[in-house]
Structures are given as structure tokens and as C-alpha cells.
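Participant: One structure follows; several queries about it will come next.
The values are calculated or read from the model by the stated rules, or taken from the named source; none is laboratory data. In this text the structure is predicted, and so the values were computed from the model without any measurement. When we count neighbours, we look across all protein chains shown, and the Cβ atoms used for this are built from the backbone with ideal geometry, even at glycine. What goes into the accessible areas is simple: the full protein's heavy atoms, side chains included, and nothing from ligands, DNA or RNA. Shrake-Rupley method; radii C 1.70, N 1.55, O 1.52, S 1.80 Å.
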Amino acid sequence: MTDDASDIREKHLRSADFLGAFGVIRREERTLFVANERVVAGESVRVWDLPGGQVEPGELLHEALTRELDEELGIAVAGSPDLLFVQEGERVIDGLRQYAWRTFFYRVTEFAGEPRAQGEVLDHRWMTDAEALAELTAPYHDSYRQWLERGGTAFRSRWID
């Protein structure tokens with residue numbers, strides 16, 4: 001690995017475990033995704049992710065989801081999102097676990113505003129399930145892909161670099 005790749009990886013490594021809340025927002029057989037910059041296999045790449053993010057200290061899951069959707073897309077969650085599934089994973093680099101993550105995925109059916117990319121988000125896109133399966137190739141996408149293909153409520157994931 002080059003020094004540049006090492007610098008990129010170090011910049012994007014977490015120093016603590018991750019707790020997250022993400023939204024599955026559907027419109028006319030399409031799901032809303034956001035473009036983010038991530039480091040995968042030592043390279044900085046653009047990936048499509050479900051909108052959402054990290055739960056802050058003292059924040060409840062639904063509060064984090066509401067905040068993240070406002071920050072990333074400028075939409076206000078209305079009603080009560082339904083829990084769809086949970087993902088627990090680990091990131092392994094050079095054979096050692098660097099951190100673990102736990103993410104909660106919610107169906108968001110009611111919101112105000114028209115989604116637009118803002119904050120850290122580079123773009124947004126409505127995708128069919130087939131498009132999502134073709135686009136979602138990052139290691140941590142495995143649980144969402146499995147959920148789309150066969151359903152389920154709990155998944156384990158492993159991201160190895």
C-alpha cells in the first residue's frame with residue numbers, strides 16, 4: 001500500500017464503535033439513496049448509501065434518524081418510522097478488528113419537503129431494487145442486499161480490508 005493510500009485509510013478509520021440509524025424511503029417502487037465518499041480497499045470511492053448516520057451521545061435512534069435526514073436531505077420525518085432490520089458488523093484490517101458497528105434500518109413513509117443533497121452528501125438518487133442491487137457494492141451493503149433479496153430482521157456483516 002502506498003503512503004497516500006495509508007493516509008486515506010487512516011483519515012477514514014474510526015476510533016470507536018459505530019451506532020447508526022438509516023432510512024428506507026420509497027416512492028413509486030424506488031428507494032432513495034445518497035452518494036458519499038468512502039474508503040474501500042484502501043481507495044477513496046463514491047458509494048451509494050441509504051440516508052442516515054451516526055447516533056450522537058444521549059440521542060435516541062429515532063432522533064438520530066430525524067436529524068440525519070434533515071442534515072443530509074432537508075426533509076422532516078413525520079409519523080413514526082417502522083423498524084425493518086438490524087445489522088451488526090465488524091471492520092477488519094490486516095486481520096485485526098478495528099471496530100464494530102450496529103445499524104438500525106427504518107421504513108420512513110411520511111416526511112415533509114422534497115429531498116435534496118446537502119451537507120456531506122454529494123448527490124441523491126431514487127433507484128429501483130434492481131438498480132440498487134447493481135450499485136450497492138461496498139462490503140457493508142451486504143445486509144441491505146440480503147434483506148432486499150430474501151427479507152429478515154437481523155444480519156451480520158464483515159468488512160475486510
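Participant: Cβ contacts < 8 Å: first residue closer than 18 Å to Asp123 by Cβ and open to solvent by less than 60 Å² (accessible area, probe 1.4 Å), restricted to the range 66-86; second residue modelled with pLDDT of 95 or more and part of a helix (DSSP H, G or I), any location; separation 6+ or different chain. Result?
Facilitator: If the second residue must be modelled with pLDDT of 95 or more and part of a helix (DSSP H, G or I), the pairs left are Ile75/Leu69.
Participant: On to the next question. So, in the range 63-86, of the ones that are over 17 Å from Val34 (Cβ atoms) and in a strand (DSSP E or B), which residue ends up farthest from the chain's Cα centre (by Cα)?
Facilitator: Step one: of the range 63-86, the residues over 17 Å from Val34 (Cβ atoms) are 63, 78-80, 82-86.
Filter again for in a strand (DSSP E or B), leaving 82-86.
Working: Asp82: 17, Leu83: 15, Leu84: 14, Phe85: 13, Val86: 12 Å.
It comes out as Asp82.
Participant: Mind listing whichever residues of the range 36-61 are within 15 Å of the chain's Cα centre (by Cα) and either of a type in the set (Phe, Trp, Tyr) or closer than 22 Å to Phe104 by Cβ (or both)?
Facilitator: Asn36, Arg38, Val47, Trp48, Asp49, Leu50, Pro51, Gly52, Gly53, Gln54, Val55, Leu61
Participant: Which pairs do you get when a residue that is in contact (Cβ under 8 Å) with a residue 40 or more places away in the chain, found in the range 20-32, comes within reach of a residue that is part of a loop (DSSP other than H, G, I, E, B) and of a type in the set (Gly, Ala, Ser), reach meaning Cβ atoms under 9 angstrom, with the pair 6+ apart or on two chains?
Facilitator: none
Participant: So is Arg125 exposed (fewer than 13 other Cβ atoms within 10 Å of the Cβ) and assigned to a strand (DSSP E or B) or not?
Facilitator: Details: exposed (fewer than 13 other Cβ atoms within 10 Å of the Cβ): no; assigned to a strand (DSSP E or B): yes.
Here the answer is no, as Arg125 does not meet what is asked.
Participant: Would you check which residues across the range 36-62 are at pLDDT 95 or above, surrounded by fewer than 14 Cβ atoms within 10 Å (Cβ to Cβ) and not in a strand (DSSP E or B) and list them?
Facilitator: Glu56, Pro57, Gly58, Leu60 - these are the residues of the range 36-62 that are at pLDDT 95 or above, surrounded by fewer than 14 Cβ atoms within 10 Å (Cβ to Cβ) and not in a strand (DSSP E or B).
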